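Since the structure comes first, as structure tokens, the remarks are kept for the end.
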There are 2 protein chains.
Amino acid sequence: MTDDDRVFKALADPTRRFLLDLLFARDGRTLTELESELDMTRFGVMKHLRVLEEAGLVVPRKSGREKLHFLNPVPIRLIHDRWIDKYTERHVSALVTLKADLEKEP
Amino acid sequence: MTDDDRVFKALADPTRRFLLDLLFARDGRTLTELESELDMTRFGVMKHLRVLEEAGLVVPRKSGREKLHFLNPVPIRLIHDRWIDKYTERHVSALVTLKADLEKEP
DNA sequence: TGGACATGTGACCTTTTGGTCACCTATCCT
DNA sequence: AGGATAGGTGACCAAAAGGTCACATGTCCA
């Protein structure tokens, strides 16, 4: 599996996107804290975090008995630049055509 | 399942992203033509195309006994604007800090 | 008309995914 | 020391995903 594929697959699950949103709002949370935001046992959350780690989207750091989780947005940026971006380009010529058409209206 | 979720899930499979790339290069292809580009039976390709259609990424049009497939990039643009974009913003202040640090070097 | 071609459906199979649980280890704190 | 707290592992299970096949329908064209 390629790096890009790991990232796309990681983003495919709504729970994992929600975890990223939580970390986007505030970084460095523990597993237990993240679990408290979800309707799921700690074990389910652990599995999701592992998928996110393997995609490079979450970077953990041990601190005593706690494991802090940090967001790394770089992989998202990479798939954006390498794949998504080409589909999000505005087709200006079509808009110009539409504008011209609209201007024909009385 | 939400619309966004359908799009993310549709993009999670490399075969489906490849199909979108094919249609990006040239629109309006038939199932048989798409199948010929993949190492998979027609039935597998049909299933992938269905997932893409349900996500709104591919729009079919019947023409005689053929079914032509057209790319619709709008859903990609939507998830980009609604979700991906916030993760791809450049953190300029961090870059400025880095630049200042580097300039301290002899 | 009838054969070749393009596509569709449903059954079926295997692998992956999402989730839980029992049990275990390590750390903190009184 | 020892209980409470934070996290980790492996087995297990149900559901979904990815893929194939036999068979069926509709369309083209010589």
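The values are calculated or read from the model by the stated rules, or taken from the named source; none is laboratory data. Just so it is clear, the structure is predicted and the values come from calculations on it, not from any experiment. For neighbour counting, all protein chains shown are included, and Cβ atoms are generated from backbone atoms with ideal geometry for every residue, glycine included. Ligands, DNA and RNA are stripped out before the accessible areas are found, and what is left, the full protein with its side chains, is counted by its heavy atoms. Shrake-Rupley method; radii C 1.70, N 1.55, O 1.52, S 1.80 Å.
Some observations on this one:
- FRET efficiency estimate (nearest 0.05) - Cβ-Cβ, B:Glu53 to A:Asp4, R0 22 angstrom: 0.40
- Per-residue shielding of B:1-8, expressed as the average number of other chain Cβ atoms within 10 Å of the residue Cβ, stands at 2.
- Among the residues of the stretch B:21-35, those with an accessible-area drop of 30 Å² or more from chain alone to full protein complex, heavy atoms and 1.4 Å probe, are B:Asp21, B:Phe24.
- For B:Lys67, residues with placed amide H under 5 Å, excluding near neighbours: B:Leu31
- Neighbouring Cβ atoms from other chains, within 10 Å of the Cβ of residues in B:76-86, number 4 on average.
- Range of Cα positions in the stretch B:3-104 per principal axis (Å), largest first: 69, 27, 20
- Remark: the B:Phe43-B:Phe24 segment gains 4.7 nm on full extension, using 0.36 nm per residue and subtracting the alpha carbon distance.
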